[in-house]
Amino acid sequence: MVGADPVNGAVMTETIVDALRAELGAEVVFGNDIPARYHNDWAGMSPVLPLALVRPRSTQQVAATMRICNAFKVPVTPQGGMTGLAGGARPIKGGVALSLDRMNGIEEVDTVMATMTVQAGVPLSTAQKAAEDAGLFLGLDLGARDSCLIGGNLSTNAGGNRVIRYGMAREHVLGLEVVLPDGTVVTSLNKMLKNNAGYDLKQLFIGSEGTLGIITRAVLRLQARPAMLASAFCGCPDFPSLLELLKSARQQMGSALTSFEVMWPSFYDFMTQGLPNLRRAFNEPHGAYVLIESGGRDATENEALLQDVLSSALEAGFVTDAVLPSSERETRDLWAVRESVSEYGKLMGPLTAFDVGLPTSAAGKVADAIEAAMTDRWPDAIALSYGHIGDSNLHVVCHIPSAGQDQPHKEITELVFGFIAAEGGTISAEHGIGLLKKPYLGLSRTPEELALMARIKHAIDPNFILNTGKVF
C-alpha cells in the first residue's frame, strides 16, 4: 500500500506538479496556496496540507487527474462539502486533494421519468429546490443540506431525517458516472427503475467512501411532492412509551410517516438551556421527546391523520403532551431544536461523536447505560443522546470539560462501542468509517466480510491510491 508520503524527493515532486499543471492549468493549486477549508473535514482531526488541490470542472479533468496520480502512485483524496464526521475527506500529506465543488450543474430534470441528472458537486439543498420547482420531491434530507454535496452523500450512503419513509441515499440513485483509480470513466446513467442487465455496479461505489471510484454524475430518483408536511412535537413519559407511539404511528400512518426524530432529556435540556434562541415546547419535563413528520397528497387529510395518531396516543398514555404548530415559523422552531447540533461549538469544546445503529427496542437502555457509564468514569462528563430512532439510528455526543483540549477520545470510543457491540449493533449507521472508526470496523464486520472488501479494493485500485488509508 502507498505510504503517507509516497513522493520520493524534490525531483519527483516537481515532476508530478509539472504534470498536473500541464494537464489542468488553473484548476490546480499547490502547497500554501491551498485554502484552509480543504485541509480537513468536520471530524475535528488535525488539518493536513496536501501536495496539491485539484478542483476539476468536468469528468474529463477528474479522469486526467487520476491517470497522472495513478502513474506516479500518488494518493488522491476525493472531497465534497467537507461535512463528514469520520475523517473521510481529510487529505494526506504528499497526496492530492480532489474537490468536486466546481462540478455543480443540474443537467436535467425529467418529469416523465421522475429523475434528476446532476453533477457530484451540487449541494443537496440545490437539488431539493430543483425537484420542488419541477413539481417533484427529493426524499433525501440532512441537517447539512446547504453545505453537503450530492457526491459526498452518495459516497457515504447518507441517511438523514426521512430514511424511515424514503430510505438511505442508495435508494435515491438509478445511475452513476464514476472515474476509477486509473482514470477509466464508467458511465452508467441509467434512468429506469427496472434494469437487471448484469451486475448493479453502482452499488459498489455508493457507500464505499471514495475508496473505489470518484462519483462525478448521478441520476437521482424523485418522488411525488407531498402537498403538505405536517409536524408534531411530543413529550413521552419514557422510552417504552415512545416505542408504543412509534408502532402506533407506523400502523395508522403507513407511508405517510416521514420522520420520527427522538431526543433524550440530556440533549433536549442541554441545548434549549444553552441556546436562548431555541424555544422549549413544554414547561414540564418529559422522559423523552419526539418530532413526528407526516407527508401526504391532501393537506387536510394529512394533518387530520397526524391529529388522530396523537389523540389515540394521548388517550393510551404513550404521549403526555403534544404541540401541533400552526405556522411554518412554528414548525421551523420545533425542528430547530433537533437541528441545533451545528451549534455544539458554542456550548462545548472538542467532542467525541457517535453515529451508531441498534435494534430499536434496545436504543433506550443503551443510551441510558452510555450516559450513566460516562458520568461514572468522568463525573463532569456531558453525554447527549438523540437520533433517527424510527430507523434504528442513535447519535451520542460526549465532552469532558475537565479534560479541555485533551479529550480522552480513545477511552470514550471504547466505552461506547463496547455497549454497541454487546447489542449486535453497528459502529456506523450513516456517517461511514473514514479514519476515526477504522480501528473498530471488526466489531461490525466478520473477518470474511473484511477479506472480501479488501479483495474488491485490490482488484479496482491495485496501487491503493484512492482515499488511501480510509476504511481499511
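The values are calculated or read from the model by the stated rules, or taken from the named source; none is laboratory data. This one's a predicted model, so the numbers in the text were calculated from it and none came from an experiment. Here the Cβ is made from the backbone with ideal geometry for all residues, glycine too, and neighbour counts use every protein chain on show. Keep in mind that these areas ignore ligands, DNA and RNA; they rest on the heavy atoms of the full protein, side chains included. Shrake-Rupley method; radii C 1.70, N 1.55, O 1.52, S 1.80 Å.
Numerical summary
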item	result
Hits in the range 27-66 - residues which are at pLDDT below 95, assigned to a helix (DSSP H, G or I) and either open to solvent by less than 40 Å² (accessible area, probe 1.4 Å) or of a type in the set (Val, Ile, Thr) (or both)	GLU27, GLY31
Test for HIS431: is it closer than 30 Å to LEU246 by Cα, under 16 Å from the mean Cα position of the chain (by Cα) and open to solvent by 50 Å² or more (accessible area, probe 1.4 Å)	yes
Test: residue in the range 378-385 that is part of a helix (DSSP H, G or I), surrounded by fewer than 19 Cβ atoms within 10 Å (Cβ to Cβ) and at pLDDT 90 or above	no
Unmet requirement for GLY254, which otherwise passes all of (1) touching a residue at least 24 places away in the same chain (Cβ under 8 Å); (2) assigned to a helix (DSSP H, G or I)	(1)
Residue in the range 295-309 that is free of Cβ contacts under 8 Å to residues at least 12 places away in the same chain, farther than 24 Å from LEU243 by Cβ, open to solvent by less than 60 Å² (accessible area, probe 1.4 Å) and not charged (D, E, K, R) present	yes
Pairs with Cβ under 6 Å, 6+ apart, first in the range 409-428 and part of a loop (DSSP other than H, G, I, E, B), second open to solvent by 60 Å² or more (accessible area, probe 1.4 Å)	ILE427/LEU443
The range 349-367, residues that are under 12 Å from HIS399 (Cα atoms) and open to solvent by 20 Å² or more (accessible area, probe 1.4 Å)	GLY349, PRO350, LEU351, ALA353
Conditions (1) touching a strand residue (DSSP E or B) at 6+ places or on another chain (Cβ under 9 Å); (2) under 30 Å from LEU436 (Cβ atoms); (3) open to solvent by 30 Å² or more (accessible area, probe 1.4 Å): number failed by ALA89	(3)
In the range 323-334, the residues that are open to solvent by less than 30 Å² (accessible area, probe 1.4 Å) and hydrophobic (A, V, I, L, M, F, W, C)	LEU334
Subset tally (residues that are open to solvent by 50 Å² or more (accessible area, probe 1.4 Å) and either more than 21 Å from ILE460 (Cα to Cα) or not in a helix (DSSP H, G or I) (or both)) for the range 192-206	10
Residue within the range 2-23 that is modelled with pLDDT of 95 or more, in a loop (DSSP other than H, G, I, E, B) and either open to solvent by less than 30 Å² (accessible area, probe 1.4 Å) or charged (D, E, K, R) (or both) present	no
